[in-house]
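Each value in this text was obtained by applying a stated rule to the coordinates, not by laboratory testing. Keep in mind that what you see is a predicted model, and the values were worked out from it rather than measured. Here Cβ is always computed from backbone atoms with ideal geometry, including for glycine, and neighbour counts include all displayed protein chains.
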Amino acid sequence: MIEQLPIINLILLLTTALVIPLFKKQRFMVTLILSFVVLFIVWLSALYLLYHVNTTGAFYYRFGGYSPTIGLELLINPFSALFTFFVITLLMIIFIYSTADASDGIHEREYGRYYILMFILLFAMFGIIYTNDLFNTYVFMEILSITTCAIISIKRKKKNYAAAFRYVMLNEMGSLSYLFGVALLYMVTGYTNIELVFQGVQDVWVIYPTNIIIAAIFMIVGLGLKAAIFPLHIWLPDAHSAAPSSSSAILSAIVVKVYLIILVKVLFSVFGITIIEALHIPSLLMVIGAVGIVMGSFFAIAQHDIKRMLGYSSVAQIGYIVLGIGLASSLGLRIAFYHVFSHGIMKSVLFLSVGAVIYQRNLRKVTAYNGIGYMMPLSIGMFTLAALGMIGIPLTSGFISKFNLGIAALDGGQGIYIIILVVSGILNAIYYLPIIIAAFLRENPENQIYVSKDKVPLLMIMPILILGAFIVIIGVYPAIIFDLVDSAVSTFSF
Amino acid sequence: MNDIIVKSITRLVIPFLQLYGIYIILHGHISPGGGFSGGALIGSSLILYTLVFGVDRAQKKFSHRVSEIAESGGILLYLFVGALGIALTGNFLSNKAAGFPLGELGSLLSGGIIPVLMIGIGIKVASTMITLFHVLIQEESQ
Amino acid sequence: MKKPFIMLMFIALFVVLVINIMRMPAGLGTDSLSYNDATEHYIQYSAEETGVTNIIAAILTDYRAFDTLGETIILFTSIVAVISVLRPDKKPENEGRVSHE
Amino acid sequence: MNLVNDILAHVNFIGAMALFVIGLYMVVTHSNLIKRIMGINIMGTAIFYFFIAVGNVEDGAPPLLDPDGNALTFINPLPSVLILTGIVVVVSITVYSLSLVVRIYETYGTIDQKEMAQIEAEDDD
């Protein structure tokens, strides 16, 4: 029965998405409760799967019972179980927030559709993480790109249409480049299953190296476009700033990470460490990551709109993950995975608390945050905590990632990247600290000097507080995450 | 389009188009074709109806509610057949392994779940085509 | 100035791709690299395992049926997405305006 | 002569590459939104063409078994299945982006990327 659990999760998510439109006549509350129940069940089973694979080992799920040479299969190992758990946990918390903050530009009649899209999004992400087939990954990637664009354009503003269009074009270029890489690999191996392609590639590498090189370049560039790795990030700030707050949190904290996860799979499971080292892809990735860290922060300093600023900050933070992947060692990969968690949590706190500010005060300009800390102590307090995490103050999860990334870089003989980490900490401080100082130390326009309660619904504050608590918990006891991450890293061979 | 010739010919052609679409869906497993091509044929016959008789009359024939049920229903059928495989001690979307009768090779009733899935895909594709067309054309007439 | 440069880059990309593909063997028919045991399995055993004569249908809805499920979901998603963009939302506003006048 | 033979043997692949680059060029350089969508479609078609060329077998029969059991040389069926899926995917993406273009034309009054950028810059002022 446990073997059927992953597919049951997928069916549950899909059926919920299909059933929501049939509920139109009922009250909206019914949809919300049903959605939450389904999310909770899936969360429980993802948690159980995580426990199961970590105690008894990985297993395959074969559709129709066919062998992987002719059929499709899902691979449930510590890696995929960990990241599905990550995705469902964050999405559940953001879901709670979104039930209260659907007012951010989404028309009332679109609420139901928003949750349909959310469930299909979740289904696609689960599929991408579980699947062990390159073409199947492509199919799920396309579902994911339509849904992510749709949760941007569902807010019917001028800018959203333009941002969604740019996003859909670049996304599609990315997926087609990926598919082109798959086609080139299919040409020489005749399989689409990841493990069989891996074996085929190792054999063919000697005879036709150019084919493998071109396939690798197309796949990495395509996934880099979708994951907003530095020079390919141009769509991200527009898309993330135009989207509704809960969508921004989903896009920035989860969706981009899913593409990075595929990138890790492609690099280490499809091509293998020997080939990518021979092509110098790791050192290239490290340089790209380092440049991304610095340039993303520089762009963020120049922004006036706070959501755009957070978007550019995401570009910088993706740089850390790319740097960790580029180290191509188990230490580097370990910290890249840890930072996926750490950044996912911190960035969702930032976007959600900014969303709360927009909900209560409708402020989007960075300069307008004077004295707002008195009016919304909880939201801005959590914003401060997450911003400190971004800067890398001890006791937060951001510090753990930076510290360990420095150690991993030293271990890999790449000590120069420690300078980048320090510089990026300073740059992060340059754009986050003024907001915090203004929020707590300046006078606000209404001269309110006493502290009052946030005037936002409890369902919006609770998720922010829970996520804020996580920042400190995994910052103080990083071993909780590291234990899981270590077993996920051990599924890749170096 | 208030042309008597176009209207009469459309009336004459549509039943054959749809019949041919259904034929292609049902024979998808023993001849070229299948759910996508057959569904596309049925969908285009409905689009032809909309073009000739106007969107209001077409919506009466193929109302919003029907299209919604058809959209969800096509996939739900697919999922249900797949889940039957789990119930019959196989895996998701099992065919022979779950004990579905395969029938005689080359006959209409063969292939276990394959014709059923083809019907699900056909419903889905036809309803998708017509719904998208209606949405786009209504936007224009606004 | 800028346009010829971009053009040149694309031509370079094309040349690189063509040079790569010229090195690959082509026209080998059943001896080519992708015509492997999986293909032979589909051709030899699909009648026995799925009971249909159309091998495409056998792969599409049996061996790789999960892909096809994903594809129908893409159709569903595109409908939801298109309706969320295009469904007219002006009606309530117009009605409101009429009642004000 | 050898080169000509080589090119003739690879002509399908070269055609696919040319289509891919043309599509990419259209998406990257054109500022008309409809043309960019067309570019995406051309890119998609190029990849499907490539897949078909990979699976092709000279004088191969379409993969339809003869119920009487006559053995034939079939083309590789898997690429055909993959592109069947791929076509539907690209169609869905096209529909969605066209619907966005409808809305963009309504709100911006133009479907040219450069003019849109100008309008956006004016809005920000």
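See the values below:
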{"item": "Considering only the protein assembly as shown, percent of DSSP beta bridges that pair antiparallel, nearest 5", "result": "90 percent"}
{"item": "Segment C:7-12 - phi-based ³J(HN,Hα) in whole Hz, Karplus 6.51/-1.76/1.60, Gly and Pro as x", "result": "4, 4, 5, 5, 5, 4"}
{"item": "Neighbourhood charge, 14 Å Cβ-Cβ cut-off, centred on A:ILE461 and excluding it, Lys, Arg +1 and Asp, Glu -1", "result": "0"}
{"item": "Shape category assigned to chain D from the gyration tensor of Cα positions, a/c cut at 1.5", "result": "oblate"}
{"item": "Dipole magnitude of segment A:280-494 about its Cα centre (Cβ charges: Lys, Arg +1; Asp, Glu -1), debye to nearest 20", "result": "480 debye"}
{"item": "For the protein assembly as shown, with +1 on Lys and Arg beta carbons and -1 on Asp and Glu, the positive-most of B:THR50, D:LEU24, C:LEU60 along the dipole", "result": "B:THR50"}
{"item": "Cut-off 14 Å between beta-carbons: net charge of the residues surrounding A:LEU185, Lys and Arg +1, Asp and Glu -1", "result": "-2"}
{"item": "Shielding of D:113-121 by partner chains, average beta-carbon count, 10 Å", "result": "2"}
{"item": "Order of D:MET1, D:MET116, A:MET187 under a 10 Å beta carbon neighbour criterion, fewest first", "result": "D:MET1, D:MET116, A:MET187"}
{"item": "Cβ neighbours within 10 Å from other chains - mean over B:71-79", "result": "6"}
{"item": "Whole-number D in µm²/s for segment A:280-494 (Stokes-Einstein; Kirkwood sum over Cα pairs; 20 °C, 1.002 mPa s)", "result": "121 µm²/s"}
{"item": "Cβ charges +1 (Lys, Arg) and -1 (Asp, Glu), total dipole of the protein assembly as shown, debye", "result": "2220 debye"}
{"item": "Burial order of peptide ranges A:249-255, C:3-9 (average beta-carbon count within 10 Å, highest first)", "result": "A:249-255, C:3-9"}
{"item": "Overall form of segment A:242-286 per C-alpha gyration tensor (a/c, 1.5; a/b vs b/c)", "result": "prolate"}
{"item": "Order of A:HIS233, A:HIS280 under a 10 Å beta carbon neighbour criterion, fewest first", "result": "A:HIS280, A:HIS233"}
{"item": "Ratio Rg/Rh, restricted to segment B:4-141 and using Cα atoms, in which Rh is the Kirkwood radius", "result": "1.07"}
{"item": "Acute angle (nearest 10 degrees) that the helix A:209-227 long axis makes with the longest principal axis of chain A, alpha-carbon atoms", "result": "20 degrees"}
{"item": "³J(HN,Hα), Karplus 6.51/-1.76/1.60, whole Hz, each residue of segment A:39-52, x for Gly, Pro", "result": "4, 5, 4, 5, 4, 4, 6, 5, 4, 5, 4, 4, 4, 4"}
{"item": "Amide H contacts of A:LYS155 (H built 1.01 Å from N, under 5 Å, at least 5 apart or other chain)", "result": "none"}
{"item": "Helix axis angle, B:35-53 relative to chain B longest principal axis, alpha carbon, degrees", "result": "20 degrees"}
{"item": "Nearest-ten-degree value, helix D:113-124 long axis tilted from longest Cα axis of chain D", "result": "30 degrees"}
{"item": "Shielding by partners, peptide B:117-124 (average Cβ within 10 angstrom, other chains)", "result": "4"}
{"item": "Residues D:LEU19, A:LEU333, sorted so that the one with the fewest Cβ neighbours within 10 Å comes first", "result": "D:LEU19, A:LEU333"}
{"item": "Residue-wise HN-Hα coupling along segment A:304-316, computed from phi with Karplus coefficients 6.51, -1.76, 1.60 (Hz; x: Gly, Pro)", "result": "9, 7, 5, 6, 5, 4, 5, x, 5, 4, 4, 4, 5"}
